[in-house]
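Student: Got a structure for you, written out below as C-alpha cells; questions coming shortly.
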Amino acid sequence: MIETIAYLGPVGTFTQEATQFLFSDPKAEFVPYPTIPDVFISVEQGVSDYGVLPVENTIEGSVNTTIDWLIHHVDHPIVAELVYPIKQCLLVHANHMDRPASDFKQVLSHPQAIAQCQMFLHKRFPQAKLVYTDSTAQAAETLNKRPHEPLLAIGTEQAAKKHQLHVLETDIQDHENNFTRFIVIGKRPLKLKQKKLQDKSSIQVTLSSDYPGALHQVLAVFAWRKINLSRIESRPTKTGLGNYFFIIDAEISAEHVLMKGAIAELEALGCSVRLLGSYPCYQKELSKKVEL
C-alpha cells in the first residue's frame with residue numbers, strides 16, 4: 001500500500017528533508033502543502049495518511065500554529081517525533097558569486113531562518129535589508145527569477161540545487177545546537193525503519209481551577225514517580241484572559257504503569273487530561289559538525 005505523506009512545503013524546505021529522512025519507503029508519496037492548517041486538513045479529510053509538521057525549534061521556540069491546530073481544531077494523535085539538525089546555508093545566484101559583501105542590499109528568507117542567523121548577518125552584511133518570505137524555498141526561487149539583482153537568500157542545499165544557486169557558506173546559524181522537532185500526525189500507528197531513540201507521551205492538562213500551588217501539585221505527580229518531563233508549556237484555552245492549560249511531554253509510553261498512574265492521579269485531583277499521543281521518537285545522527 002502506497003502511503004501519502006503531507007508536509008509543510010514547498011519543495012526545498014527543511015520539513016521536506018525531515019520528511020524524506022523519516023519515511024524511507026521509496027514508494028511513499030510526498031505532497032507539499034503551503035500552510036500548517038492545510039496539512040492538518042489533508043489528514044483530517046483522508047487525502048493523506050500522515051502529516052509532518054514543525055512543532056519546536058531550539059532557538060526560536062514553539063511553533064504556535066501547529067500546537068493550536070493540534071489542540072483546538074483536529075483530533076489526530078501524534079504518532080512519531082523526529083529531532084532534526086538544522087543547517088542554514090547562504091545562497092547566491094551564480095551571476096553574483098564574486099561580488100564583495102557590500103554589494104548585497106537584501107537578504108531573503110523565512111522569518112525563522114533570518115532569526116536563526118541574526119548575528120551572522122549583522123557582522124557580514126550590516127548594510128543589507130532583511131526581506132521576509134513565506135519559506136526558505138521561496139527565497140531561493142526569488143533569486144533564481146531575479147538573476148540580475150545582487151540578492152542573497154538563506155535556505156537549504158536542496159533548494160540551492162533545485163533553483164540552480166551557489167552555496168556561499170554553510171552552517172551560518174548563530175548557534176551550533178540548532179534543531180527542529182517535527183511531529184507526525186495520523187489516524188493509525190506508524191511503523192518506521194529508523195532506529196527508535198525512546199518512547200514519549202504528550203498530554204494536555206487543564207486545571208479544575210486556578211489556585212496557589214496548582215502547577216506544583218501537577219508536577220509532583222510525575223516527580224515522585226521519577227517520570228522525566230522533557231517539555232512543559234502553558235497555552236491559552238481561548239475561553240478568557242488568564243485561562244490556560246498545560247502541554248506536558250513525558251519520556252515514557254502512555255501504556256507504562258507509571259504513566260497510567262500519573263494520569264489517574266491527575267484526574268483524581270480534578271484535572272482534565274487529554275492524551276495527544278504516545279509515540280516513538282527518532283533523531284537524525286550528527287556528524288562532528290552540526291548538519292542542519
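Student: With of a type in the set (A, V, I, L, M, F, W, C) and either modelled with pLDDT of 95 or more or over 27 Å from E285 (Cα atoms) (or both) as the only criterion, which of A159, A115, A153 stands out? First the steps, then the outcome.
Tutor: Numbers: A159 fails: either modelled with pLDDT of 95 or more or over 27 Å from E285 (Cα atoms) (or both); A115 fails: either modelled with pLDDT of 95 or more or over 27 Å from E285 (Cα atoms) (or both).
Answer to the check: A153.
Student: Also, quick follow-up: Among the residues that make up the stretch 217-230, is at least one of them at pLDDT below 75 and not charged (D, E, K, R)?
Tutor: Here is the first cut: in the stretch 217-230, the ones at pLDDT below 75 are none.
No; the residues of the stretch 217-230 include none that is at pLDDT below 75 and not charged (D, E, K, R).
Student: So, one more: Which one is surrounded by the most Cβ atoms within 10 Å (Cβ to Cβ) among residues in the stretch 123-144 that are of a type in the set (A, V, I, L, M) and not in a strand (DSSP E or B)? Don't jump to the end; show me each part of the working.
Tutor: Filtering the stretch 123-144 for residues of a type in the set (A, V, I, L, M) gives 128, 130-131, 137, 139-140, 143.
Filter once more, keeping what is not in a strand (DSSP E or B): 128, 137, 139-140, 143.
Values: A128: 20, A137: 27, A139: 27, A140: 31, L143: 27.
Checked the stretch 123-144; the qualifying residue surrounded by the most Cβ atoms within 10 Å (Cβ to Cβ) is A140.
Student: Which of (1) under 17 Å from K161 (Cα atoms); (2) touching a Leu at 6+ places or on another chain (Cβ under 6 Å) does S109 not meet, given it meets every other one?
Tutor: Every listed condition holds for S109 apart from (2).
Student: Could you tell me which of the residues T66, T35, T13 is buried (at least 16 other Cβ atoms within 10 Å of the Cβ), closer than 22 Å to A159 by Cα, touching a residue at least 24 places away in the same chain (Cβ under 8 Å) and polar (S, T, N, Q)?
Tutor: Values: T66 fails: closer than 22 Å to A159 by Cα; T35 fails: buried (at least 16 other Cβ atoms within 10 Å of the Cβ).
One residue alone meets the criteria, T13.
Student: Considering only residues of the stretch 231-252 that are small (G, A, S) and touching a strand residue (DSSP E or B) at 6+ places or on another chain (Cβ under 8 Å), which is modelled with the highest pLDDT?
Tutor: This residue is A250.
Student: Given the stretch 17-122, what strands (runs of 3 or more DSSP E) lie entirely inside it while holding 1 or more residues that are in the same structural domain as P189 (by TED's automatic domain parsing) and under 14 Å from G186 (Cα atoms)? Before you say what the answer is, go through the steps one by one.
Tutor: Working: elements: 29-33, 50-57, 78-85, 89-93, 106-109.
Because the criterion is at least 1 residues that are in the same structural domain as P189 (by TED's automatic domain parsing) and under 14 Å from G186 (Cα atoms), the strands (runs of 3 or more DSSP E) in the stretch 17-122 that meet it are 50-57, 78-85.
The values are calculated or read from the model by the stated rules, or taken from the named source; none is laboratory data. All values derive from a computational prediction rather than experimental measurement. As a convention, Cβ positions derive from the backbone with ideal geometry for all residues, glycine included, and neighbour counts pool all protein chains shown.
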